[in-house]
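We did not get these values from a lab; they are worked out from the coordinates using the rules stated. All figures in this text were calculated on a predicted structure; none of them were measured in a lab. Cβ placement follows ideal geometry from the backbone for every residue including glycine, while neighbour counts extend to all protein chains displayed.
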Amino acid sequence: MGHFCVECGAPLVVKTIEGRELEVCPNDSYVLWRDPKVAAAVVVEHGGGVVLGRRSIEPGYGLWCLPGGFVNDDEDPARAAVRECMEEINAEVELIGLLGVYHIPKTTASSIIGIAYRGRVVDGDSISAGPEMLEVRAFAPDSLPEIAFPSHRAVLEAYVRSPERGEGAAPLIGAGSALSFPSRPSPGPAPRRPRRTR
């Protein structure tokens with residue numbers, strides 16, 4: 001598939017940069033870097049088990065998965081994990097640990113950096129299926145159903161081997177943010193983000 005320069009509209013050409021074949025503009029210094037997407041997933045503990053949802057969408061229709069999804073560009077990954085839990089299992093979830101960070105290679109799309117958390121349903125809250133799930137249920141860690149994604153299987157295997165992993169970690173929401181977000185709108189437009197160069 002051909003791509004075009006976001007600066008001048010010219011068709012991009014393939015050029016080797018830092019040992020990688022990348023698409024670049026022949027007229028200026030624009031490079032189409034193939035950056036990974038970021039996704040978050042949560043091993044949610046509830047009622048003595050682990051909450052999984054049976055997917056109502058592709059990929060993996062009818063199979064089980066952890067609650068999770070892609071992180072928006074302006075979103076803290078931990079907040080995204082909590083949001084995805086609310087959307088998919090209709091429950092407020094408290095994150096209690098970081099299980100790991102994983103590279104998920106893809107051949108037809110950008111690779112994914114997956115961030116896996118350990119969490120629990122907030123006291124008094126219940127679980128139910130959100131619009132992307134046919135059903136949700138808590139499973140005993142030693143009786144898990146067929147899981148839709150290899151990355152989710154890897155996270156669950158790591159959790160089963162060491163369920164206390166990530167316990168007592170530093171606060172997760174906002175922990176990695178280098179920015180503080182103002183409580184009121186900024187007085188002017190944000191400065192234009194410079195083109196990424198190396």
Whole-Å distance, taken between Cα centres, linking segment 1-47 and segment 86-158: 27
Going by average Cβ density within 10 Å per residue, which order do the peptides 35-44, 132-141, 104-113, 49-58 take, highest to lowest? 35-44, 49-58, 132-141, 104-113
Taking the Cβ of Ser128 as the center, what net charge do the other residues with Cβ under 13 Å away carry, scoring Lys and Arg +1 and Asp and Glu -1? -4
Which order do the peptides 8-18, 82-92 take when ranked by the mean count of other beta-carbon atoms within 10 Å per residue, highest first? 82-92, 8-18
Residue-ordered couplings for segment 90-98, obtained by feeding phi - 60° into the Karplus form 6.51 cos²θ - 1.76 cosθ + 1.60 and rounding to whole Hz (Gly and Pro as x), are 6, 9, 7, 10, 9, 7, 10, x, 9
In angstroms, what radius of gyration and Dmax does segment 72-120 have, counting Cα atoms only? 12.2, 34
Residue by residue through segment 4-10, what is 3J(HN,Hα) from phi via Karplus (6.51 cos²θ - 1.76 cosθ + 1.60, θ = phi - 60°)? Round to whole Hz and write x for glycine and proline. 10, 5, 6, 8, 10, x, 6
Stretch gain in nm, segment His103-Asp73, where the contour uses 0.36 nm per residue and the Cα spacing is subtracted: 9.0 nm
Integer Hz, Karplus 6.51/-1.76/1.60 couplings in order for segment 71-84, x for Gly and Pro: 8, 5, 5, 10, 10, 5, x, 5, 5, 4, 4, 5, 4, 4
Residues meeting the amide H criterion for His46 (H placed from the backbone, H to H distance under 5 Å, 5 or more places apart or on another chain) are Val51
With unit charges on the beta carbons (Lys and Arg positive, Asp and Glu negative) and the dipole taken about the Cα centre of segment 65-145, which residue among Gly68, His103, Ala81 sits farthest to the positive side? His103
Label-to-label distance, nm, for residues given as Ala154 and Ser110 (7 Å Cα→Cβ offset): 1.9
Let me have the relative contact order for segment 37-161, percent, based on Cα pairs under 8 Å that are six or more residues apart. 34
The long-range amide H neighbours of Ala129, using H built 1.01 Å from N in the peptide plane and a cut-off of under 5 Å, are Val136
